[in-house]
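Accompanying notes for the structure given below.
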Amino acid sequence: MNGTKLQPLDEDWNAALAVVAHPDDLEYGAASAISKWTSEGKKVVYLLATRGEAGIDGMTPEETAEVRVQEEIAGAGVVGVEIVEFLDHTDGIVEYGPALRRDIARAIRAHKPEAVITINFDLRFSQGLANQADHRAVGLAALDASRDAGNRWIFPELLDEGLEPWNGVKALFVNASPNATHAVDVGDHIYKGVESLEKHEKYIQGLGSDVDPEMMLTMNANATGIEFGCDYAVSFEVFEL
């Protein structure tokens, strides 16, 4: 955290697009907030830049991609997300640039969200750990694509696909940012977040470490909750657009 008091996140919106690099990126925190939002009738769509095919050392990329796609769809279902889309950028070497921005802008025009959710694209996480290259590329591209989607002269080929500009994105919510500015009281939805992460069973096993989804997520959400003034909260850095 950045030491500033966290403010309540503006939840006056009805539709969001969550854009991340890998299956499981959302489940390490944002999914609990997404569960709260979908329970209130908001629509959230997931867009993943990769299929996470480089994520399990003991399996081939083809096998891993199949497993991780199914785990992500199952985890999304737990928190009320019915639409999960995958791009085909290469896991581990996602490149920031026009191709990625265009793919995200295409999804924004198609789904017409009022908010875009993504993961930390800073060089570090709040604990000081170095961030991963794909997170940085996708998060920054999500920010830029949120504006690209509204300009008909950026990626005019999207017009040929029948996708008119969409200027409705009002804010970008960045989960796991070391510069968090806002938070959401997730209450008992923390346990939906835990269940969502638990759906990534083979991936967690492939990490070869003793990851306890309930302990990890509840501890992190409780620490944020103490700062925010509730039992469990999820933090975001908010960029107004």
* Picking from Ala16, Ala33, which residue would you name as being in a helix (DSSP H, G or I) and either within 18 Å of Glu198 (Cβ to Cβ) or open to solvent by less than 10 Å² (accessible area, probe 1.4 Å) (or both)? -> Ala33
* Test Lys202 against the stated conditions and say whether it is modelled with pLDDT under 95, open to solvent by 70 Å² or more (accessible area, probe 1.4 Å) and assigned to a helix (DSSP H, G or I). => yes
* Asked: Can you tell me which of Ala99, Ala33 is aliphatic (A, V, I, L, M), more than 24 Å from Gln205 (Cβ to Cβ) and over 16 Å from the mean Cα position of the chain (by Cα)?
  -> Ala99
* Which ones in segment 78-110 are open to solvent by 50 Å² or more (accessible area, probe 1.4 Å) and either within 27 Å of Gly193 (Cβ to Cβ) or touching a residue at least 60 places away in the same chain (Cβ under 8 Å) (or both)? -> Glu82, Ile83, Glu85, Ala110
* Out of the residues in segment 38-49 that are crowded, with 17+ Cβ neighbours inside 10 Å and touching a Gly at 6+ places or on another chain (Cβ under 8 Å), state the one that is nearest to Leu207 (Cα to Cα). => Val44
* Asked: Within the set of pairs 6+ apart or on separate chains, which have a first residue in segment 150-163 that is under 14 Å from Asp103 (Cα atoms), a second that is among the charged types (D, E, K, R), and C-beta atoms under 7 Å apart?
  -> Ile154/Asp148; Phe155/Arg102; Phe155/Asp148; Leu158/Arg106; Leu158/Arg109; Leu159/Arg152; Leu163/Arg106; Leu163/Arg109
* Within segment 59-77, track down each residue that is hydrophobic (A, V, I, L, M, F, W, C), closer than 15 Å to Glu27 by Cα and buried (at least 21 other Cβ atoms within 10 Å of the Cβ). => Ala76
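In this structure, is Leu123 open to solvent by 20 Å² or more (accessible area, probe 1.4 Å) and not basic (Lys, Arg)?
Here the answer is yes, as Leu123 does meet what is asked.
Checking the conditions here, which among Ala137, Ala130, Ala183, Ala233 is over 15 Å from Gly29 (Cα atoms), among the small types (Gly, Ala, Ser) and surrounded by 19 or more Cβ atoms within 10 Å (Cβ to Cβ)?
On inspection, the qualifying residue turns out to be Ala137.
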* To do: Identify, by number, the condition in (1) modelled with pLDDT of 95 or more; (2) among the aliphatic types (A, V, I, L, M); (3) out of contact with any Asp or Glu (no Cβ under 6 Å at 6 or more places or on another chain); (4) open to solvent by less than 30 Å² (accessible area, probe 1.4 Å) that Ile56 doesn't meet.
  => (1)
* In this structure, is Gly225 open to solvent by less than 60 Å² (accessible area, probe 1.4 Å), out of contact with any helix residue (DSSP H, G or I) (no Cβ under 7 Å at 6 or more places or on another chain) and at pLDDT below 95? -> no
* Considering only segment 207-227, how many residues are in a helix (DSSP H, G or I), free of Cβ contacts under 8 Å to residues at least 24 places away in the same chain and of a type in the set (S, T, N, Q)? -> 1
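The values are calculated or read from the model by the stated rules, or taken from the named source; none is laboratory data. Predicted model, so just to flag it, every value in this text is computed and none were measured. When we count neighbours, we look across all protein chains shown, and the Cβ atoms used for this are built from the backbone with ideal geometry, even at glycine. Ligands, DNA and RNA are stripped out before the accessible areas are found, and what is left, the full protein with its side chains, is counted by its heavy atoms. Shrake-Rupley method; radii C 1.70, N 1.55, O 1.52, S 1.80 Å.
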